[in-house]
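Notes follow the structure.
Any read-out appearing in this document is the output of simple, stated calculations on the displayed coordinates, not a laboratory observation. Computed from a predicted model, the values in this text were never measured in an experiment. Here Cβ is always computed from backbone atoms with ideal geometry, including for glycine, and neighbour counts include all displayed protein chains.
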Amino acid sequence: MYKQFQKWAHEYGPIYSIKLGVQTMIVLSDGKAVKELIDKRSASTNERGPHYIAHDLLGNGQRILQMRYGPDWRLSRKLYHRLLTAAAAKTYLPYLELESKKMLYDLSTNPDGFLYHIKRYTNSMAMMVTYGRRVPEYDNPTMREILKSLEKTSSIIQVTSAALADAYPILQWVPAFLFPAKRKAVEHTKTEMSIYLRLWNQVKTAMAQGTQKPCFAADLVTLQKKEGFTDLRAAYVSSGSMEAGTGTSSNNLLGFIQALILFPEALKEAQRELDRVVGDGRLPDLSDRENLPYLRSCVKESLRWMPPVIVGIPHCLSCDETYMGYVLPKGAELLINVWTLNNDPVRYKDPRTFNPARFLKDEQTSFEAATNPDPDLRDHYAFGGGRRLCPGTHLADDILFLAMSKLVWAFDFKPAIINGKEVPPTPERFTQTAVVMPEPYPATIVPRSAKRAAMIKKEWEQARDSLLDDELQWREIPQGMKFTEL
């Protein structure tokens, strides 16, 4: 579908509409249109359209991603903004450092399992930041339960009948026994709620007992006493933080590794910068970021070249608007055409070439670029826009920079050798669910030197032995870390 949207943008221009039953969808494929309509006119484009299966039934309307504008959305959004600030993201640095060291160790001891090691890294970060619990190994029972639930949610949303219920609202009156997507959504919501309420209540209990580690949900417990929101709301606000972190960052890192294999000069340039600034006597960390412009550019180029979301969730007009001589009717949906925007050949020369150098002069964070009043200075559209801009951009920048800098410092990435021949990955072959990832591909991943391999082993073992208990959970609150003052 994303390629068809791109083709239509080339044929019909930066803004065109599609009729889906009774619903009109307006596709935005130009940065100026996104800035004007999604950002500047957010008061009238902040709404979401009807999502009967995906929102009204799945989660009983509690998910902020598809939530209609109103008091419930404003409360949920306020909670995210209070707890996912740039300063709050920095408090989670000890968690990021530990998990990135574990990722390097796993890759050095079992490089063929890199897909699972990358996913474990981002899964553990998401769980640690959200609930204060690590995912020591990829095959973790709690994480397995969550991922199975998310896969079920995604499969229900993607069936054709779910979209038809929005395009033709009369279908919403069809009994559940004649409407499988409706029946499955109602049934699965019970399972989903039980998982998220259990995780939330575990944090509340640990807070009462004084054993909870700092995390998003722990801060929500404190806020609940002041704001008075329900446990169900808190459970879904927490789960939103966790859901966003499990898929998007891992998929972007897998796209980054694919790019390093396909464009070896980018890998060499990043390694030259790291060798010059960091050397081989220590691992890079976030304090090196200001001195590593090429690595910072790798994060930006990766989010442009392989965004985890290639079409955004549509916004919806709450009143008539006019733009470029067109009347945009109330109730029409506005779709940010992420893939086409990220691959605009006017803005990005040779857009399917992974070239971090195109961002070397861009010192903005993802949040600063997304909110820059000049649309020509926006780096990518992976995080959406307007009042629906992803609230976790600061944390995502940190997670990706730390992982990418350590990966490039530690390893060489080359095509897999199969039957004596190099087999490079095929770009633009995606596994599409709610988010997008490259189709699984093999790779050759080797430490850059014996010295670096030994350091990876030493760093992880020292961190594990000094910080973690017998269950490989944090023994104590990391030094200097504290709960957010609210």
Output the residue which, of all residues in the range 28-67 that are among the polar types (S, T, N, Q) and surrounded by fewer than 22 Cβ atoms within 10 Å (Cβ to Cβ), is nearest to Y168 (Cα to Cα).
-> Q66
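Condition first: surrounded by fewer than 24 Cβ atoms within 10 Å (Cβ to Cβ) and of a type in the set (G, A, S). Can you find one or more residues in the range 109-116 that meet it?
yes
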Restricting attention to the range 67-116, report how many residues are free of Cβ contacts under 8 Å to residues at least 40 places away in the same chain, under 25 Å from V221 (Cα atoms) and not in a helix (DSSP H, G or I).
-> 3
Which condition number in (1) surrounded by fewer than 16 Cβ atoms within 10 Å (Cβ to Cβ); (2) of a type in the set (A, V, I, L, M, F, W, C); (3) under 24 Å from E137 (Cα atoms) is the one that A450 fails?
-> (3)
In the range 38-58, what count of residues is obtained for those that are out of contact with any strand residue (DSSP E or B) (no Cβ under 8 Å at 6 or more places or on another chain) and not in a loop (DSSP other than H, G, I, E, B)?
-> 11
Which of the residues spanning the range 392-439 are free of Cβ contacts under 8 Å to residues at least 40 places away in the same chain and within 15 Å of E99 (Cα to Cα)?
-> none
A careful count of residues in the range 454-465 that are more than 16 Å from S100 (Cβ to Cβ) and either surrounded by fewer than 11 Cβ atoms within 10 Å (Cβ to Cβ) or in contact (Cβ under 8 Å) with a residue 24 or more places away in the chain (or both) gives 1
Would you mention how many residues in the range 312-334 are surrounded by fewer than 19 Cβ atoms within 10 Å (Cβ to Cβ) and either in contact (Cβ under 8 Å) with a residue 40 or more places away in the chain or part of a loop (DSSP other than H, G, I, E, B) (or both)?
-> 11
Name the residues in the range 208-228 that are more than 21 Å from the chain's Cα centre (by Cα) and either surrounded by fewer than 17 Cβ atoms within 10 Å (Cβ to Cβ) or among the small types (G, A, S) (or both), would you?
-> A208, Q209, G210, T211, A218, T222, K225, K226, E227, G228
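Any chance you could count how many residues in the range 117-139 are part of a loop (DSSP other than H, G, I, E, B) and within 19 Å of R475 (Cα to Cα)?
6
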